[in-house]
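Visitor: I'd like to ask some things about the structure below.
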Amino acid sequence: MDWSNKHALATVPCADNPADGYTVRDPVRYKLIMAIEKKTEKKTARKTISQQMSSEMAISLKLPPGYDSTDVLSFHGRDQQQLAEAITDSGLRKGVLIDDTPAVVDIAFGKKSADCIIHVDGALSDAMQAQANEVLTSLLGLRLDPRPFAAFVMSDPLFGPLTKKQKSLRIVQSSSIFEALTWAVMGQQINVSFAVSLRRTFIELAGRRHSNGLWCYPSPADAARVPLEALTTRQYSRSKAETILRLATMVASGELDLVEHPSNPIESICAALLAVKGIGPWTVNYALLRGFGHADCSLHGDVAVRTAIGKLCGHAVRPDMPAAEEFLRRYSPHRTMAAAHLWASLKVESAY
């Protein structure tokens, strides 16, 4: 199947979308959006009454020995305007959608645990507890245990000293796979500060605001309804805007399954993503790292990773992609942690 042609957003005769009052220039995308609208209509109706109330649930997660929240706060504190996340005196507050309902996760770090209160703009559902635990595990960087990599490189002349110096380093995940994937697209070939501003725009256009003021990252269905021009007139390149809307539409309509299960293993997800126009190996590997917590992502296409490899090896210039890929291959099946240590070694805002 030619994904790129099927979901191309070229200018063709228009179809007006009466629900949202904007023009969709691709009939195929228009039909998919209408299908998404019908799919979510009943769910929205069910939530209308429940969202008039608010609920809370408390979850306490035990933290591993030596856990340091520095990386967590650094990653979630990227946006200084604190639109969707806010660093607090005790930890972190972040807006998320849980069971498609706006919620704010309030995390307080203790010596041995992270005590969390989740404020939901609606009634609690049976699915929320499990989803909340998954979200917290990602936000706190608890999916990947850094100890296997540290043991693997203990005698390595390059990474051995580096891991001892950065022994508390953890890889933090986004609150959802869709967030990680779209963040990766936003970050393609630009610096972090510009990517953060694009992310902020995306949240403002498609996200939902919690009653306490924090915004929740958009769901695929919410993002699919955003008109292309709303992004391109706010500093998005056309290709980047098209890719994000293409992904959102495909995920929301069910054409692209990002959930890993026996009949949809990670290899199938990667192949499906690579078939989408605008998605390349770097984006897929980054999404595996930030979305799935996959342990063996090769970030040889990342400029910061290659810069760090050059510095670590004492070279005057960074290696090219084939050389970086060969270098990282020796650290399989722990290449994700290798990339994290390389990013951290630069000590500058050059990594995502």
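The values are calculated or read from the model by the stated rules, or taken from the named source; none is laboratory data. Since the structure is predicted, the reported quantities are computational estimates derived from the model, not experimental observations. In this analysis, Cβ positions are derived from the backbone assuming ideal geometry, glycine residues included, and neighbour counts consider all displayed protein chains. All accessible areas refer to the heavy atoms of the entire protein, side chains included, with ligands and DNA or RNA removed. Shrake-Rupley method; radii C 1.70, N 1.55, O 1.52, S 1.80 Å.
Visitor: Let me make sure I get this right: for the stretch 144-202, a, b and c are the square roots of the gyration tensor eigenvalues over alpha carbons, sorted descending. Under 1.5 in a/c it's rounded, otherwise prolate if a/b > b/c, else oblate. Which is it?
Guide: Working: a/c = 3.50, a/b = 2.32, b/c = 1.51.
Since a/c reaches 1.5 and a/b is larger than b/c, the shape of the stretch 144-202 is classed as prolate.
Visitor: Figure the gain on full extension for K112 and A316 (residue separation times 0.36 nm, minus the Cα-Cα span) and round it to one decimal in nm.
Guide: Numbers: separation 204, 0.36 × 204 = 73.44 nm, distance 4.30 nm.
Residue separation times 0.36 nm, minus the Cα-Cα distance, leaves 69.1 nm.
Visitor: Within the set K167/K347; K62/K111; K112/K164; K112/K165; K94/K165; K311/K347, which residue pairs have Cα atoms separated by over 18 Å? Don't jump to the answer; show the numbers that get you there.
Guide: Details: K167/K347 15 Å; K62/K111 10 Å; K112/K164 22 Å; K112/K165 22 Å; K94/K165 30 Å; K311/K347 12 Å.
Cα-Cα > 18 Å for K112/K164; K112/K165; K94/K165; rest within.
Visitor: For the stretch 184-342, what percent of Cα pairs sit more than 23 Å apart? Walk me through the intermediate numbers first.
Guide: On the way: 5761 of 12561 pairs.
Roughly 46 percent, once rounded to a whole number.
Visitor: Let me ask another. Which shape class, rounded, prolate or oblate, goes with the stretch 134-267 when its Cα gyration tensor gives a ≥ b ≥ c as root eigenvalues, a/c under 1.5 marks rounded, and past that a/b bigger than b/c marks prolate? Working shown, then result.
Guide: Values: a/c = 2.06, a/b = 1.76, b/c = 1.17.
Here the stretch 134-267 falls in the prolate category.
Visitor: Now, a different point. Once phi is turned into ³J(HN,Hα) by the Karplus curve 6.51 cos²θ - 1.76 cosθ + 1.60 with θ = phi - 60°, what whole-Hz value does each residue of the stretch 138-148 show in order, with x for glycine and proline?
Guide: Whole-Hz 3J(HN,Hα) from phi for the stretch 138-148: 5, 4, 8, x, 9, 6, 10, 7, x, 5, x.
Visitor: Rank-order 172-181, 108-117 by packing density, defined as the average count of other C-beta atoms within 10 Å over each peptide's residues, highest first.
Guide: Numbers: 172-181: 23.3, 108-117: 15.1.
Per-residue mean Cβ counts within 10 Å order the peptides as 172-181, 108-117.
Visitor: While we're on this one: Fully extended, how many nm does the chain gain between A275 and L205 (0.36 nm per residue separation, minus their Cα-Cα distance)? Mind dumping the intermediate values first?
Guide: On the way: separation 70, 0.36 × 70 = 25.20 nm, distance 2.69 nm.
Between A275 and L205, full extension yields 22.5 nm more.
Visitor: Right, another one. Name the residues whose placed amide hydrogens come within less than 5 Å of the amide hydrogen of I98, ignoring near sequence neighbours (fewer than 5 apart) on the same chain.
Guide: A103
Visitor: Another question, then. How much accessible area per residue does the stretch 190-230 have, in Å², with a 1.4 Å probe? Mind showing how you got there, number by number?
Guide: On the way: 1370 Å² over 41 residues.
For the stretch 190-230, the per-residue accessible area is 33 Å².
Visitor: Here is a follow-up. In the neighborhood of G291, defined by Cβ-to-Cβ distances under 11 Å, what is the net charge if each Lys or Arg adds +1 and each Asp or Glu adds -1? Mind dumping the intermediate values first?
Guide: Values: positive: R143, R290; negative: E179, E260.
Combined, the nearby Lys, Arg, Asp and Glu give 0.
Visitor: Counting only protein heavy atoms, what percent of the accessible surface of the stretch 152-308 is carbon or sulfur at a 1.4 Å probe? Don't skip to the end; give the middle numbers.
Guide: Working: 3170 of 5780 Å².
Answer for the stretch 152-308 is 55 percent, counting heavy atoms of protein chains only.
Visitor: Rounded if a/c is under 1.5, else prolate if a/b is larger than b/c, else oblate: which is the stretch 299-352, with a ≥ b ≥ c the root eigenvalues of its Cα gyration tensor?
Guide: Values: a/c = 1.62, a/b = 1.11, b/c = 1.45.
Verdict is oblate for the stretch 299-352.
Visitor: Right, another one. Subtracting the Cα-Cα distance from 0.36 nm times the residue separation, let me have the gained length for H261 to A344 in nm, one decimal. Kindly include the intermediate steps, with their values, before the conclusion.
Guide: Details: separation 83, 0.36 × 83 = 29.88 nm, distance 3.21 nm.
Length gained, H261 through A344: 26.7 nm.
Visitor: Between the stretch 219-292 and the stretch 50-99, what is the C-alpha centre distance in whole Å?
Guide: 24
Visitor: Per residue, what accessible area does the stretch 71-146 have, given a 1.4 Å probe and all protein chains present, in Å²?
Guide: Values: 3070 Å² over 76 residues.
Here the per-residue accessible area is 40 Å².
Visitor: Spelling out what I want: for every residue of the stretch 236-250, take phi, set θ = phi - 60°, compute 6.51 cos²θ - 1.76 cosθ + 1.60 (Karplus), and round to whole Hz; glycine and proline get x.
Guide: 7, 5, 4, 5, 5, 5, 4, 5, 5, 5, 4, 4, 4, 5, 5
Visitor: PRE reach from Q129 (point 7 Å along Cα→Cβ): which of the stretch 82-113 fall under 16 Å by backbone N?
Guide: 99, by backbone N distance to the label point.
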